[in-house]
1. Restricting to segment 217-234, count the residues that are part of a loop (DSSP other than H, G, I, E, B) and surrounded by fewer than 15 Cβ atoms within 10 Å (Cβ to Cβ).
2. Can you tell me which residue is surrounded by the most Cβ atoms within 10 Å (Cβ to Cβ) among those in segment 82-112 that are within 13 Å of the chain's Cα centre (by Cα) and more than 26 Å from residue 177 (Cα to Cα)?
3. Please count how many residues of segment 173-195 are outside any helix (DSSP H, G or I) and within 29 Å of the chain's Cα centre (by Cα).
4. For segment 196-203, indicate whether the set of residues that are more than 25 Å from the chain's Cα centre (by Cα), more than 20 Å from residue 145 (Cα to Cα) and buried (at least 19 other Cβ atoms within 10 Å of the Cβ) is non-empty.
5. If residue 151 satisfies all but one of (1) surrounded by 10 or more Cβ atoms within 10 Å (Cβ to Cβ); (2) closer than 30 Å to residue 108 by Cβ; (3) over 25 Å from the mean Cα position of the chain (by Cα), what's the number of the condition it fails?
6. In segment 154-172, how many are under 19 Å from residue 222 (Cα atoms) and within 28 Å of the chain's Cα centre (by Cα)?
7. Right, residue 215: modelled with pLDDT under 95 and in contact with a helix residue (DSSP H, G or I) (Cβ under 8 Å, 6 or more places away or on another chain) or not?
């Protein structure tokens with residue numbers, strides 16, 4: 001009887017060992033399969049980054065133009081869509097003459113970029129391959145309705161570049177085209193001569209370019225509204241005098 005029990009016990013141990021070995025083997029095969037899949041994915045990504053993949057998907061989309069900046073390592077086009085802000089790389093030999101709020105039809109793809117810093121980093125970013133205007137925005141429409149040019153002056157020594165002053169000019173036009181400020185709207189309706197000052201300033205520990213919009217009376221001017229442009233984020237604000245706070249102007 002004892003011998004029978006021993007034999008049964010040994011049989012159970014052997015069966016359990018064989019089952020464990022089979023499970024380990026299957027786990028190893030599963031892991032190997034996962035690793036192989038990972039290797040294929042990594043190879044595909046590497047080909048994309050190297051620009052060797054000729055099947056990169058081209059996406060067609062419509063966006064609202066915000067601004068274009070070609071002063072960095074990559075020329076950037078900023079846009080809006082569905083209440084969100086997007087940044088594209090747009091490298092073109094043509095003059096970018098879109099105005100803020102224009103509607104654009106674009107084609108773009110994901111492609112490789114080198115991000116400068118402590119050791120350059122390779123990332124995938126959206127690149128625009130084609131862009132064309134399909135509808136005038138509020139600034140273009142404002143220019144059709146208001147032929148009289150705006151005037152401006154600098155409160156301090158003029159160290160602003162022509163490119164930056166052109167950018168500010170369009171920004172003020174965008175404000176005038178979309179403002180809900182009743183006093184500003186009355187001046188627009190009366191076709192008043194408008195002028196704005198440009199100066200640097202700070203508020204709550206942040207640096208801004210400050211624009212003072214007023215009616216031009218030649219010998220004096222009364223500020224109608226103060227506008228603030230954050231020097232770092234480029235966020236545009238209207239100053240709420242009553243509550244002493246900046247309200248983002250979208």
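1. Within segment 217-234, residues that are part of a loop (DSSP other than H, G, I, E, B) and surrounded by fewer than 15 Cβ atoms within 10 Å (Cβ to Cβ) number 9.
2. Out of the qualifying residues, it is 90.
3. The qualifying residues number 3.
4. Looking for residues that are more than 25 Å from the chain's Cα centre (by Cα), more than 20 Å from residue 145 (Cα to Cα) and buried (at least 19 other Cβ atoms within 10 Å of the Cβ), one finds at least one in segment 196-203, hence yes.
5. It fails just one condition, (2).
6. Count: 1.
7. Taking the combined requirement at face value, the residue satisfies it.
The values are calculated or read from the model by the stated rules, or taken from the named source; none is laboratory data. Remember, predicted model here, so these are calculated numbers, not experimental data. As a convention, Cβ positions derive from the backbone with ideal geometry for all residues, glycine included, and neighbour counts pool all protein chains shown.
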